[in-house]
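Asks: I have a structure here, written as structure tokens, and I will follow up with some questions on it.
The values are calculated or read from the model by the stated rules, or taken from the named source; none is laboratory data. All of these numbers come straight from a predicted model, not from anything done at the bench. As a convention, Cβ positions derive from the backbone with ideal geometry for all residues, glycine included, and neighbour counts pool all protein chains shown.
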Amino acid sequence: MFQQLNFRVDYNDADYSDLCLPESDKQILRVLAEHVAALSVLPVQDEKRRLWHAHNMLERTRPVVLCDPEHGWNEIILPEDIECVNSVARYWEYYLRKVLFWGERMLDDYVVEAVFDVPLVYTESPWTVRGSRHAPTAKKTAEDGKAYHIDTVLEDYSQIRNIVKPELTIDWKASDASLEIAREIFEGILVVRRKTVWFWSCGLTDDLVFLRGMEKVMLDFFDNPDGLHEIMGILLEGVMERLDWLESEGFLWLNNDGSYVGSGGVGFIDSLPAAGFAGKVRAKDMWALAESQAVIGISPEMFAEFIFPYQKTILERFGFACYGCCEPMDDRFDIVRQLSNLRRVSVSAWANRSLMAEKLGHKYIYSLKPNPALLAQAVMDEELVRKDVRAGLRTARDNCLELIMKDNHTIGRNPQNVTRWVGIVQEEIAAL
């Protein structure tokens, strides 16, 4: 129904051709916003905020718990639950209902705040190749369990000179109008801010795969290593140029608050923004993420040669770096730890938890990702969940530990699965 952007909903998919919201939609949004505002002033929100601050500074705290079921949200908040009729209003309503579910039913360490972020409305062209026989495959998570095929856009290395970098175009009319409408609706209830999340990951490997296709990329490591380096250099150049532009135009926003950072976790931290901050956000004032799950099939040596050096250049431009998503970091962490600003490391369901506990110690955040498949059936096996959580807690109890439930494509159409998962984790933490 709605494309998720982790904490948020991807408002950019809304239809901005009609920004005349009926009064009934505005009233629905105001009522929901009032409920959010009421939750935001509860003392527990300050407690959770302090917990995240301490945790992100690597202080000794209890394990932090966050559940963001991603596409499972579409089984928690159903189409018939959305009362607004205007497209933009429906997206905003959906987001507010997510926040209320977190604050009233999920009861993890998500911090409910009286803010409403309105992003810029924009379009962005994909990486492509002039003269290619194929159009770029859309980078969008498949819905309803569907798969998709990636067409090879860069069919031949002779086409490298024809690679076209993405172009980002901001719709200022829609951006300004949506911001003003939000201010009108939520005045005196929520703080309305312009804020856009640009980066899910600056890891480059997804862009590589969407240019070449998965099979060709895996062969390129052997058949055309020089060409592969050339492509990675072009991808790096494109990301750095975009970052330069966003910085110079003032289109970056701080994420040292309740923003989702990395592939799991919240950004509250006292040491950002960096020294010299005067109001205009720079990359070094922010958290950033890179991952390499698309090329998990290559060796650590290949990763160290072809992938990480390009990612390192980007990540070290930021204040703090998060690394990893679904890929097991067992044999890549010793390479990634070269990052001078590394703070958060993903320990996925496929990682060796004990080995990662030893490697991470208390120098980095151990971002544990329990297996989302355990929540995918209509009736969750609570004992199996408890066993998995207990094992993870025992293994990493001496680390700077957070437990992040994410990557859910279904929760068995049963919202109780996520609330019970949180409850079980909290019970097991209390029993440590």
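Asks: So for the range 272-290 (the condition being among the charged types (D, E, K, R) and in contact (Cβ under 8 Å) with a residue 40 or more places away in the chain), does at least one residue qualify? Give the steps one after another, and end with the answer.
Replies: Initially, the range 272-290 is screened for residues among the charged types (D, E, K, R), giving 280, 282, 284-285.
Now drop any that are not in contact (Cβ under 8 Å) with a residue 40 or more places away in the chain, which leaves none.
No: zero hits.
Asks: When you scan the range 5-17, do you find a residue that is buried (at least 17 other Cβ atoms within 10 Å of the Cβ), assigned to a helix (DSSP H, G or I) and modelled with pLDDT of 95 or more, even just one?
Replies: no
Asks: Could you say whether any residue in the range 409-422 is within 22 Å of Tyr364 (Cα to Cα) and either at pLDDT 95 or above or out of contact with any strand residue (DSSP E or B) (no Cβ under 8 Å at 6 or more places or on another chain) (or both)?
Replies: No, every residue in the range 409-422 fails to be within 22 Å of Tyr364 (Cα to Cα) and either at pLDDT 95 or above or out of contact with any strand residue (DSSP E or B) (no Cβ under 8 Å at 6 or more places or on another chain) (or both).
Asks: OK, next. Say whether the condition of being closer than 21 Å to Val88 by Cβ and not in a helix (DSSP H, G or I) is met by at least one residue in the range 205-227.
Replies: no
Asks: Under the condition of being part of a helix (DSSP H, G or I) and of a type in the set (Gly, Ala, Ser), which residue from the range 228-250 is farthest from Met302 (Cα to Cα)?
Replies: Ser248
Asks: Which one is surrounded by the most Cβ atoms within 10 Å (Cβ to Cβ), of the residues in the range 292-304 that are outside any loop (DSSP other than H, G, I, E, B) and free of Cβ contacts under 8 Å to residues at least 60 places away in the same chain?
Replies: Within the range 292-304, the match that is surrounded by the most Cβ atoms within 10 Å (Cβ to Cβ) is Phe303.
Asks: Which ones in the range 89-126 are in contact with a Ser or Thr (Cβ under 9 Å, 6 or more places away or on another chain), acidic (Asp, Glu) and either on the phi > 0 side of the Ramachandran plot or not in a loop (DSSP other than H, G, I, E, B) (or both)?
Replies: Hits for the range 89-126 are Asp117, Glu124.
Asks: Taking the stated definitions as given, is Arg183 surrounded by fewer than 20 Cβ atoms within 10 Å (Cβ to Cβ), charged (D, E, K, R) and touching a helix residue (DSSP H, G or I) at 6+ places or on another chain (Cβ under 8 Å)? Outline the logic, then answer.
Replies: On the way: surrounded by fewer than 20 Cβ atoms within 10 Å (Cβ to Cβ): yes; charged (D, E, K, R): yes; touching a helix residue (DSSP H, G or I) at 6+ places or on another chain (Cβ under 8 Å): no.
Considered against the rule, which asks whether it is surrounded by fewer than 20 Cβ atoms within 10 Å (Cβ to Cβ), charged (D, E, K, R) and touching a helix residue (DSSP H, G or I) at 6+ places or on another chain (Cβ under 8 Å), Arg183 comes out as no.
Asks: Against the definition (surrounded by fewer than 21 Cβ atoms within 10 Å (Cβ to Cβ) and assigned to a helix (DSSP H, G or I)), how does Asp257 come out, yes or no?
Replies: no
Asks: Looking at the structure I just gave you, is Thr137 out of contact with any Cys (no Cβ under 6 Å at 6 or more places or on another chain), buried (at least 18 other Cβ atoms within 10 Å of the Cβ), farther than 28 Å from Cys67 by Cβ and not aliphatic (A, V, I, L, M)?
Replies: no
Asks: Only one of (1) in contact (Cβ under 8 Å) with a residue 24 or more places away in the chain; (2) of a type in the set (D, E, K, R); (3) under 30 Å from Lys284 (Cα atoms) fails for Arg390. Which number is that?
Replies: (3)
Asks: Could you list, in sequence order, the residues of the range 330-387 that are aliphatic (A, V, I, L, M) and assigned to a loop (DSSP other than H, G, I, E, B)?
Replies: Leu339, Ala349, Ala351, Ala376, Ala378, Val379, Met380
Asks: Let me ask you something else. Looking only at the range 321-380, how many residues end up being of a type in the set (Asp, Glu) and surrounded by 20 or more Cβ atoms within 10 Å (Cβ to Cβ)? So that I can check it myself, show each step before the final result.
Replies: Going through the range 321-380, the residues of a type in the set (Asp, Glu) turn out to be 327, 330-331, 334, 358.
Next, from what is left, pick out any that are surrounded by 20 or more Cβ atoms within 10 Å (Cβ to Cβ): 327.
Number satisfying all stated conditions: 1.
Asks: List the residue pairs whose Cβ atoms are under 8 Å apart, where the first residue sits in the range 9-34 and is farther than 17 Å from Phe186 by Cβ, the second is in a loop (DSSP other than H, G, I, E, B) and aliphatic (A, V, I, L, M), and the two are 6 or more positions apart or on different chains.
Replies: Asn12/Val121; Tyr16/Val121
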